[in-house]
Amino acid sequence: MCSFDYQTIMSISIYGSSVVLMLLGLYAVLVKKNLIKIVIGLSIVDSGLHLLFVAVGYLHNGTAPIFSPEAVDKVNQMVDPVPQALVLTAIVIGFATTAVALSLVIRLYKHHKTARIDQIKSLKW
Amino acid sequence: MKRFLVIFLMLALGFYLIQALHFVPFGANRMGAPADKKTVAAFYLNETVPQTAVANVVTAIVVNYRGFDTLGEVTVLFLATTGLASILYKRRDEEETERVSKPSSTILQTGAKVLFPLVVILGVYVFVHGHLTPGGGFQGGAIIATGFLLMLIAYQKYHLSHSMLTWVESLAGILFVSIGLWGLITGGTFLENSWFPKGTLNSLISGGAIPIIYIAVGFKVAAELTGVLDILLSTKDDKSASNIQQ
């Protein structure tokens, strides 16, 4: 039996929650019929991915990568800044895709009078 | 049947994700000592202060080292706004529609009036101090857009001038690109930062052109997000469609 120290519990909870978020979002995308719920699923996948990115860049007992007056000499404790910059980009792109997807949903709803994909006849072949 | 298939797929995917993450120990030092400069992250941590005099390393990466990427990012945001407007187009002769069906309560209206300037000031603070504290242009722009969202929800007749938004967005974008091009002319690379006095670390005026670029990004993001919210909230609600749905 392996011993559960602080490190293991943290890694299981944070990696686990990001994987669970991604899988939940994927489930919503694949199973749900309502288009709004599918868009929500896509943005849940996004959130899980962002959490995973930031968690991979974390350093044990790390501080934020900001050279504020109190932390000027703490270079060795700073967490990886690259994933944080990448996540900043990814959040903005996620917002843009969500906005465009929602506008398409509004357009489909107006055209077919329903937002459920199983009731839109032209989507079946 | 399909649901079981999906659950099986998810379990398999989750198993392999966990298996892969097992080789990425949480909180371990993967970038080496910053002084060695063996990885990109160590280089950034070591060189940001001497090269740019910016306290926030993430800001230095986003605006300076990967500034071209950020230019592409705000372009994607601009394209999303344009795409949204062209998908949800409205003819000019269609009458102005009311945004919310019921007028909001006096509490919300008064509270929005009080809170709106404070929210905007907080957003401006966040993007002006983007090189010193957590936050920056994108975050401050998003905060300002939430202030406008509050006003749009509270007041049915709240009017946003689209030409004003377009002007703010365009001027901010032109400022960003022209700072980049000026760096290309004087320093030889796009967004070269050394032509501007660096200033001292941890003071408001530090980091050369980085705060100016982030302020431009803040204005641009605020205008774009406000435009998106305004377009989405002012789409006409078809009465016939909502009746069929029920």
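The values are calculated or read from the model by the stated rules, or taken from the named source; none is laboratory data. For clarity, every value in this text was computed on a predicted model and none was experimentally measured. Because the Cβ atoms are built from the backbone with ideal geometry, glycine has one as well, and the counts that use them run over all protein chains shown.
Annotations
Conditions (1) under 19 Å from the mean Cα position of the chain (by Cα); (2) buried (at least 17 other Cβ atoms within 10 Å of the Cβ), marked per residue:
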{"residue": "A:Ile66", "(1), (2)": "no, yes"}
{"residue": "A:Val72", "(1), (2)": "no, no"}
{"residue": "A:Val75", "(1), (2)": "no, yes"}
{"residue": "A:Gln84", "(1), (2)": "yes, yes"}
{"residue": "A:Thr89", "(1), (2)": "yes, yes"}
{"residue": "A:Ala96", "(1), (2)": "yes, yes"}
{"residue": "A:Lys110", "(1), (2)": "no, no"}
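- Listed by first and then second residue, the pairs linking a residue in region A:98-125 that is within 27 Å of B:Leu77 (Cβ to Cβ) and among the aromatic types (Phe, Trp, Tyr) to a residue that is surrounded by fewer than 16 Cβ atoms within 10 Å (Cβ to Cβ) and at pLDDT 85 or above, with Cβ atoms under 7 Å apart and 6 or more places separating them unless they lie on different chains, form an empty list.
- Listed conditions (1) in contact with a strand residue (DSSP E or B) (Cβ under 8 Å, 6 or more places away or on another chain); (2) within 25 Å of B:His129 (Cβ to Cβ) are all met by A:Asn34, apart from (2).
- Check on A:Val29, in contact with a Gly (Cβ under 7 Å, 6 or more places away or on another chain), part of a helix (DSSP H, G or I), of a type in the set (Val, Ile, Thr) and modelled with pLDDT of 90 or more: yes
- Some residue of region B:39-51 being within 20 Å of B:Ile179 (Cβ to Cβ), facing chain A (nearest Cβ under 10 Å) and surrounded by fewer than 24 Cβ atoms within 10 Å (Cβ to Cβ): no
- Set side by side, the residues B:Gly67, B:Gly27 differ, and just one is surrounded by 14 or more Cβ atoms within 10 Å (Cβ to Cβ) and facing chain A (nearest Cβ under 7 Å), which is B:Gly27.
- Single unsatisfied condition, B:Gly83 versus (1) surrounded by 12 or more Cβ atoms within 10 Å (Cβ to Cβ); (2) assigned to a helix (DSSP H, G or I); (3) more than 10 Å from chain A (Cβ to nearest Cβ); (4) small (Gly, Ala, Ser): (3)
Quick grid of which residues meet (1) surrounded by 16 or more Cβ atoms within 10 Å (Cβ to Cβ); (2) closer than 27 Å to A:Ile91 by Cβ:
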{"residue": "B:Met10", "(1), (2)": "yes, yes"}
{"residue": "B:Ile18", "(1), (2)": "no, yes"}
{"residue": "B:Phe23", "(1), (2)": "no, yes"}
{"residue": "B:Asp36", "(1), (2)": "no, no"}
{"residue": "B:Ala60", "(1), (2)": "yes, yes"}
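- Filter pass, A:Val75 being of a type in the set (A, V, I, L, M) and either closer than 23 Å to B:Ala53 by Cβ or touching a residue at least 40 places away in the same chain (Cβ under 8 Å) (or both): yes
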